[in-house]
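The values are calculated or read from the model by the stated rules, or taken from the named source; none is laboratory data. If you're wondering where the values come from, they're calculated on a predicted model, not measured in any experiment. All Cβ positions, even for glycine, are placed from backbone atoms using ideal geometry, and neighbour counts span all protein chains on display.
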Amino acid sequence: MHSRRIMLALAWILLSGTAAGQADFEGIWTPDHPRGMGQPAADTVQLTPAGQAEYEVFTPDRDPTLRCLMPGIPLGLVDPYPIEIVYQDHQILLLYEHFHQVRRIFMDGRTAPDHWLPSLGGYSTGEWDGDTLIITTTLLSPDNNMWTSGFPFSGDENTYVVERWSRDEDRLSFTGEVHDPTYYEEPYVVNGRWDYAPDGEIWEYECIPEFGGIE
Amino acid sequence: MKKVMRKAMRKHRIVVLFAALGIFIGLPVAAHHSGVTYFDVEAEIVQHDATVVEYVIVNPHGRLVYTFTDEAGNEQEWSGELASANNLRRRGLGGEVFKPGDKLVTVTGSPSRSGANFMRLTRVDFENGDVAQLTGANAGITRAGE
């Protein structure tokens, strides 16, 4: 009886305690996003009156990345620098070169604790649907309020993003469905893709705001 | 300003459309920013006989500082915005490319909308025939004779 319990415990650890799910995304990936994919297509975006008002007051100095504020989510979903993906027992790590951004995708069924504050990266949980990784990110921040083209993001308590990642040989593709009912009548979708780069490198990305480029 | 030439580029309909959407055309591959917000990408400035003052390779954007003499005989100092340090280095445009005192035959770019002595650099031609392409998919250094 005792040995049976040990075997069951080991099985539970192996089956439920690992994030290495149905598909292998581990390794370094370089961006291969077609131009413009990082911004919502204008003809697919339906701004609310509040969203339209924000769009009209956009000025370059509201671009967060020019102040060396990391893009976060959703702006940083389609990121222009390499990333490394690491599987751990309870989480998948998305390690971005850009601004040293680290995303922890919790895969063990946990939910955001009550004390978790809104942040640029939010709080991400993941689950597998076959070979597709579905990431849901909540607790986003109003500080990450702008797409650089001027499309707003409220970052209020009603915002969340659902990503779907899948691999086809050496290509990793994803969609990000952005829910922001304060500023958009309907959710909009951005797309991105990465190419497997086993010899790729993740470099240091220090950032100096004085060189943001606004003069 | 000596041989400063500013010319309006042809307004392709698609460029106008994308500009209206706030999408930068011809930006460095990895730029996240909407360049049309900050620079008049439909205009081009070509400055001649410049001298490098400083090449700063930092994120989020590198910077080339240079001087040249305008038509009135006054020395002007300008700054040119570049891609990020990481992108410059990946494209072979690291710190060895520009040194203080280097002579540049032409410096080409898109002017800042602010009117400052500042532009988004697209290309630099060196005295020895080397060419630094600074934006687009072909960004990199081409040595004379290659």
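Annotations for the structure displayed:
- The requirement of being away from chain B (no Cβ under 14 Å) and acidic (Asp, Glu) is fulfilled somewhere in the stretch A:157-167, by at least one residue.
- Only a single item in (1) in a loop (DSSP other than H, G, I, E, B); (2) away from every other protein chain (no Cβ under 12 Å); (3) over 15 Å from the mean Cα position of the chain (by Cα); (4) over 19 Å from A:CYS207 (Cβ atoms) is not met by B:GLY95, and it is number (4).
- Residue match in the stretch A:150-166 (condition: out of contact with any Ser or Thr (no Cβ under 7 Å at 6 or more places or on another chain), of a type in the set (Lys, Arg) and either over 27 Å from A:ASP199 (Cβ atoms) or part of a strand (DSSP E or B) (or both)): no
- For the stretch A:111-149, residues that are assigned to a strand (DSSP E or B) and either more than 24 Å from A:GLN88 (Cβ to Cβ) or of a type in the set (A, V, I, L, M, F, W, C) (or both) total 6.
- In the stretch A:199-215, the residues that are under 23 Å from A:GLY27 (Cβ atoms) and either more than 13 Å from chain B (Cβ to nearest Cβ) or not aliphatic (A, V, I, L, M) (or both): A:ASP199, A:GLY200, A:GLU201, A:TRP203, A:GLU204, A:TYR205
- Among (1) β-branched (Val, Ile, Thr); (2) within 14 Å of chain B (Cβ to nearest Cβ); (3) out of contact with any His (no Cβ under 9 Å at 6 or more places or on another chain), the one test that A:THR125 misses: (2)
- Picking from residues in the stretch B:106-145 that are among the polar types (S, T, N, Q) and part of a strand (DSSP E or B), the one that is nearest to the other protein chains (Cβ to nearest Cβ) is B:SER112.
- Any hit, the stretch B:83-92, residues being under 11 Å from the mean Cα position of the chain (by Cα), modelled with pLDDT under 95 and not β-branched (Val, Ile, Thr): yes
- Search result, residues across the stretch A:41-81 that are under 13 Å from the mean Cα position of the chain (by Cα) and more than 30 Å from A:ARG104 (Cα to Cα): none
- Taking the listed residues A:TYR188, A:TYR196, the one that is within 14 Å of another protein chain (Cβ to nearest Cβ) and of a type in the set (Phe, Trp, Tyr) is A:TYR188, with no other qualifying.
- Scanning the stretch B:52-64 for residues that are part of a strand (DSSP E or B) and crowded, with 16+ Cβ neighbours inside 10 Å yields a count of 6.
- Considered as a group, the residues in the stretch A:147-159 that are crowded, with 20+ Cβ neighbours inside 10 Å and not small (Gly, Ala, Ser) include one that is modelled with the highest pLDDT, and that residue is A:THR159.
- Matching strands (runs of 3 or more DSSP E) fully within the stretch A:22-106 where at least 2 residues are within 14 Å of chain B (Cβ to nearest Cβ): A:27-31
- Some residue of the stretch A:129-139 being away from chain B (no Cβ under 14 Å) and within 19 Å of A:LEU69 (Cβ to Cβ): yes
- Residues (of a type in the set (D, E, K, R), at pLDDT 85 or above and surrounded by fewer than 16 Cβ atoms within 10 Å (Cβ to Cβ)) located in the stretch A:56-88: A:GLU56
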